[in-house]
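Heads up, the thing below is written out as structure tokens.
The values are calculated or read from the model by the stated rules, or taken from the named source; none is laboratory data. Small disclaimer: the values here were computed from a predicted structure and weren't measured. All Cβ positions, even for glycine, are placed from backbone atoms using ideal geometry, and neighbour counts span all protein chains on display.
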Amino acid sequence: MVPAQEGSVHVLQQTGAGVLPVEITFREGRPLRVAMTQKQAEFRSARIDRGALVRALALGPRDLDPSLPIEYVSTGIFSLLVPVRRPAALQKIEPNPPALRRVLRDSGTLAYCFAAENRNSLFARGILPWEIGEDAATGSAAGSLGAYLVHQGRLKLATPLEIHQGIEMQRPSRIRVEVLAQHGKLVPRVSGTAVRIMEGLLET
């Protein structure tokens, strides 16, 4: 259990990507912000059928941004990063999970589609290859995206990046990413806040 207090506490959390350091900032006894330092970024070229990908997302070939590569990136879990030209194109996406599953196969957990609002702010959608269809806030992919943008020369080290996700689901989220260099590798720090939407008790 993390004690509620003023200031910050540091804990280790077991995640699907391993045990990662987490900082929780409290104000007036309530958690204000949670920040996680992710693993070093890994990059892998995406050998996929681009036509099948855009069909799985209900996009057209011209919706993709030709100035950036489609690439698998991991900070513990691989995601397929899909750059699109404009935020309006993100709104057109209608996930086809079985088709996306055939595109991704076993190489990535989701397609993280993104478009720039400006140099330090992006819109994104986390499209899943199973029936739930979409994720409202994907911290692992957000960290991978930050490292990808630094790797591509689109974001400077230690510069805050704000990612807006979940808008099309009516569950908007804002994820903040900063990428640092450690031993020649890119290491993202991802932070955000959460709100309680329901509570309950499980009886066994």
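Odds and ends about this structure:
- The number of residues in the stretch 60-81 that are charged (D, E, K, R) and buried (at least 18 other Cβ atoms within 10 Å of the Cβ) comes to 2.
- Among the residues here, Val103 does not qualify as of a type in the set (A, V, I, L, M, F, W, C), touching a residue at least 24 places away in the same chain (Cβ under 8 Å) and assigned to a strand (DSSP E or B).
- Every residue from the stretch 82-100 that is of a type in the set (S, T, N, Q) and either surrounded by 19 or more Cβ atoms within 10 Å (Cβ to Cβ) or part of a loop (DSSP other than H, G, I, E, B) (or both): Asn96
- Conditions (1) loosely packed, with under 11 Cβ neighbours inside 10 Å; (2) touching a Pro at 6+ places or on another chain (Cβ under 7 Å); number of the one not met by Gly166: (1)
- Here Ala115 qualifies as over 29 Å from Val19 (Cα atoms), among the small types (Gly, Ala, Ser) and either assigned to a loop (DSSP other than H, G, I, E, B) or in contact (Cβ under 8 Å) with a residue 40 or more places away in the chain (or both).
- Residue ID - farthest from the chain's Cα centre (by Cα), chosen from residues in the stretch 113-162 that are at positive phi and not hydrophobic (A, V, I, L, M, F, W, C): Gly153
- For the stretch 117-148, a tally of residues being of a type in the set (A, V, I, L, M) and either within 12 Å of Val82 (Cα to Cα) or touching a helix residue (DSSP H, G or I) at 6+ places or on another chain (Cβ under 6 Å) (or both) returns 5.
- The residues listed here are Thr204, Thr109; of these, the one that is modelled with pLDDT under 95, in a loop (DSSP other than H, G, I, E, B) and closer than 22 Å to Val34 by Cβ is Thr109.
- Residues (in contact with a Leu (Cβ under 7 Å, 6 or more places away or on another chain) and either under 14 Å from Ala35 (Cα atoms) or part of a strand (DSSP E or B) (or both)) located in the stretch 150-163: Leu161, Ile163
- Screening Ala136 against (1) touching a residue at least 12 places away in the same chain (Cβ under 8 Å); (2) among the hydrophobic types (A, V, I, L, M, F, W, C); (3) surrounded by fewer than 14 Cβ atoms within 10 Å (Cβ to Cβ) leaves a single unmet condition, (3).
- Residue satisfying condition, being modelled with pLDDT under 95, out of contact with any strand residue (DSSP E or B) (no Cβ under 6 Å at 6 or more places or on another chain) and surrounded by 13 or more Cβ atoms within 10 Å (Cβ to Cβ), within set Arg154, Arg171, Arg119, Arg196: Arg171
- Any hit, the stretch 49-59, residues being in contact with an Asp or Glu (Cβ under 7 Å, 6 or more places away or on another chain) and either buried (at least 21 other Cβ atoms within 10 Å of the Cβ) or not hydrophobic (A, V, I, L, M, F, W, C) (or both): no
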